[in-house]
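Asks: Below you will find the structure I want to go over with you.
Bear in mind these aren't lab numbers, they're just calculated from the coordinates by the rules spelled out. No experiment lies behind these values; they were computed from the predicted model shown. A quick note on method: Cβ atoms are made from the backbone with ideal geometry, for glycine too, and the neighbour counts reach across all protein chains shown.
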Amino acid sequence: MNPAPKKAFVLAAGKGERMRPLTDTCPKPLLMVDGRTMLDRTLDALADVGVEEVVVNHFYLGKMIADHLKSRKAPRITLSPETPLLDTGGGVKKMIGFFGDAPFYVLNADVVWTDGKKPALRALADKWDSSKIDLLLLLHPADKIPAYAGKGDYYLADGTDKPVFAKGNDKTANYIFAGPRIVHPRLFNGAPEGAFSFVELFHKAERDGRLYGLRHDGEWYHVGTPEALAETNRILAKRQAG
């Protein structure tokens, strides 16, 4: 069993525009799912696998996020305010020195999942191998997502655990990228300055043969719209009651 990373980056700077009007006065990471904010669900999952230090970036309604995090005892939080917005890749690169030369988790603050046989973050750590992996993605079957009508992102190459980005390919993308990942800092070598998407690094790792995937065996919930958020809360409340 590999030791789990001790540090993580949580992406919490997005504007949550598709979640309006809920996000007119509340940043999306602070919306409630099953009695907890999405941000706290993410941080709790990291604390549960032994993560000690987390960078949380913020931009839109950032003071609300900063004030909310003042009451947390664990993990220890380092805030990374952004002006201007640096996008998912640039935001992490800004703080890359925080992680030294050790692999670390990157999570979206607005993703909701439940664990399978073992915690998803623990399963990612167990699969990690720095000798061959620069980026390890948690993947979820696209046909097993409640209230989701979108398309997948990847398929797995025959007989392997290597994701292949499906856009422009004639194969069916039967997995979505679920949000949690482990990344080695070396993946940022040569990355652009300023704002850029983390997806660029997905493609880089794939080209280099150092992108791997882990199939999630728990549940994953689409929370991109107010309707999807309400449906997720309904499903989780019913599950707790039953």
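Asks: Report for segment 7-241 the percent antiparallel among DSSP-assigned beta bridges with both residues inside it, nearest 5.
Replies: The antiparallel proportion sits near 50 percent.
Asks: GluC sites (Glu not before Pro), restricted to segment 30-108: which are DSSP loop and have at most 13 other Cβ atoms within 10 Å?
Replies: GLU52
Asks: Only counting other Cβ atoms within 10 Å, I'd like PHE188, PHE198 sorted with the fewest neighbours first.
Replies: So the ranking, lowest neighbour count to highest, is PHE188, PHE198.
Asks: How big is the gap, in Å, between the Cα center of segment 1-43 and the Cα center of segment 167-221?
Replies: Here the answer is 19 Å between Cα centres.
Asks: Return, for the Cα atoms of segment 181-242, the radius of gyration and Dmax in Å, separated by a comma.
Replies: Radius of gyration, then largest Cα-Cα span, for segment 181-242: 17.7, 51 Å.
Asks: Cut-off is 10 Å between beta-carbons; in what order do MET32, MET38 appear when sorted fewest neighbours first?
Replies: MET32, MET38
Asks: Say the dipole of the chain comes from +1 at the beta carbon of Lys and Arg and -1 at that of Asp and Glu; which of PRO185, VAL92, ALA125 then lies farthest toward its positive end?
Replies: Looking along the dipole axis, the top candidate is ALA125.
Asks: Work out the length of the dipole vector of the chain about its Cα centre, built from +1 on the beta-carbon of each Lys and Arg and -1 on the beta-carbon of each Asp and Glu, and round it to the nearest 20 debye. Write down the numbers at each step before the final one.
Replies: Working: 34 positive and 30 negative charges, 57 e Å.
Magnitude of the dipole: close to 280 debye.
Asks: Send over the Kirkwood Rh of the chain, from the inverse of the averaged 1/r over different Cα pairs, rounded to one decimal Å. All intermediate terms of the calculation are to be shown ahead of the outcome.
Replies: Details: mean 1/r = 0.0547 Å⁻¹.
Roughly 18.3 Å, rounded to one decimal.
Asks: Take the Cα coordinates of segment 108-197, assign each an equal point scatterer, and use the Debye formula without solvent to give log10 I(q)/I(0) at q = 0.11, 0.12 Å⁻¹.
Replies: -0.38, -0.45
Asks: How compact is segment 50-163 by the rule of thumb for globular proteins, expressed as Cα Rg over 2.2 N^0.38 Å?
Replies: 1.24
Asks: Using only helices, what value at 222 nm comes out for the chain when you add -39,500 (n - 2.57) per DSSP H run of length 4 or more and divide by the total residues, to the nearest 500 deg cm²/dmol?
Replies: -7500 deg cm²/dmol
Asks: Could you list ARG215, ARG122 so that the one with the fewest beta carbons within 10 Å of its beta carbon is first and the one with the most is last?
Replies: Numbers: ARG215 14, ARG122 18.
Going from sparsest to densest Cβ surroundings: ARG215, ARG122.
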